[in-house]
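A.B. asks: Shown below is the structure under consideration.
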Amino acid sequence: MKIKIFEFNPLGVNTYVLYDRTGECIVVDASSFFPDENELLLNFILDNNLVVKHIINTHLHFDHIFGVNFLASQFGLKLLVHRDDVVLLENLPQQLQLFGFNTNVDYRPEIGGFLAEDDTISFGEQQLRVLHVPGHSPGSIVLYNEKKELALAGDVLFNGSIGRTDLLGGNFEQLTEGIRTKLFTLPDDTEVYPGHGPKTTIGQEKRYNPFVGKGG
């Protein structure tokens, strides 16, 4: 399995395209905001002759969904997300306004299905397991590939940090407990691909993360 990383929009969200030799792929957190970002994402998919099987979001904070409608319209797909995050779409204009974005633009995605704990996402020869780790948002999920030892963590866990918990549906105790019980039980060599910033490993965060590591 290969993974392509794009950093999109003014908030620097990581968008991931996972694909393998079959040509099937998934796109996680399609966050392209500017027209050239949409074009960059689309051209990568087309230039590599990829077939998009699923569009998935780790959560529904506004900065992670900017590109969902564009991508969905290109491939006739609808978004997969955890049910508990749908509430975040109800205050989407307020989220946008709070961070200075144009509230006249509707980024509300059309949801085609819900993901839950231990669901399996399949594409090509790959499988990802869904881990529900709320606290950054009510429906935050992590996508884990055991064979490749990688986890797409969204804004649950970062390199040296964790997701903020002061937004709607945030809960610090819930988030830290979920990280310790669901992520820190994964192998130490598991690579963590977060929603912002550089990747890390489970082992590194267990040792050094100031919020949930040995010193946290």
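The values are calculated or read from the model by the stated rules, or taken from the named source; none is laboratory data. Bear in mind that the values here come from a model prediction, so they are computed numbers and not experimental data. With ideal geometry, Cβ positions are generated from the backbone for all residues, glycine too; neighbour counts draw on all protein chains shown. The accessibility values were calculated without ligands, DNA or RNA, using every heavy atom of the protein model including side chains. Shrake-Rupley method; radii C 1.70, N 1.55, O 1.52, S 1.80 Å.
A.B. asks: Residues in segment 18-35: is at least one under 19 Å from Ile121 (Cα atoms), open to solvent by 50 Å² or more (accessible area, probe 1.4 Å) and acidic (Asp, Glu)?
C.D. replies: yes
A.B. asks: Given the structure, is Arg129 of a type outside the set (A, V, I, L, M, F, W, C), within 19 Å of Leu92 (Cβ to Cβ) and open to solvent by 40 Å² or more (accessible area, probe 1.4 Å)?
C.D. replies: Criteria not met by Arg129.
A.B. asks: Tell me, which strands (runs of 3 or more DSSP E) lie completely within segment 88-206 with 1 or more residues that are among the β-branched types (Val, Ile, Thr)? Walk me through it before giving the result.
C.D. replies: Details: elements: 111-115, 120-123, 126-132, 141-145, 150-154, 191-194.
Passing ranges, in order: 111-115, 120-123, 126-132, 141-145, 191-194.
A.B. asks: Now, a different point. For segment 100-119, enumerate the residues that are touching a residue at least 12 places away in the same chain (Cβ under 8 Å) and surrounded by 13 or more Cβ atoms within 10 Å (Cβ to Cβ).
C.D. replies: The answer is Phe101, Tyr107, Arg108, Pro109, Ile111, Gly112, Phe114, Leu115.
A.B. asks: Would you point out which residue out of Ser140, Ser161, Ser122 is open to solvent by less than 60 Å² (accessible area, probe 1.4 Å), in contact with a Pro (Cβ under 7 Å, 6 or more places away or on another chain) and hydroxyl-bearing (Ser, Thr, Tyr)?
C.D. replies: From the options Ser140, Ser161, Ser122, the qualifying one is Ser140.
A.B. asks: Could you give me the residue pairs with C-beta distances under 7 Å whose first residue belongs to segment 73-94 and is aromatic (Phe, Trp, Tyr), whose second residue is surrounded by 19 or more Cβ atoms within 10 Å (Cβ to Cβ) wherever it lies, and which are 6+ apart or on separate chains?
C.D. replies: Sorted first by the residue in segment 73-94, then by its partner, the pairs are Phe75/Val52.
A.B. asks: Output the residue which, of all residues in segment 49-99 that are in contact with a Cys (Cβ under 8 Å, 6 or more places away or on another chain) and not basic (Lys, Arg), is most open to solvent (accessible area, probe 1.4 Å).
C.D. replies: The residue in question is Val51.
A.B. asks: When segment 56-87 is examined, which residues are found to be β-branched (Val, Ile, Thr), more than 19 Å from Glu39 (Cβ to Cβ) and not in a loop (DSSP other than H, G, I, E, B)?
C.D. replies: Ile56, Val81, Val86, Val87
A.B. asks: Now a separate question. Considering only segment 17-43, state which residues are part of a helix (DSSP H, G or I) and more than 19 Å from the chain's Cα centre (by Cα). Break it down stepwise before answering.
C.D. replies: Narrowing segment 17-43 to residues part of a helix (DSSP H, G or I): 35-43.
Passing the criteria: Pro35, Asp36, Glu39, Asn43.
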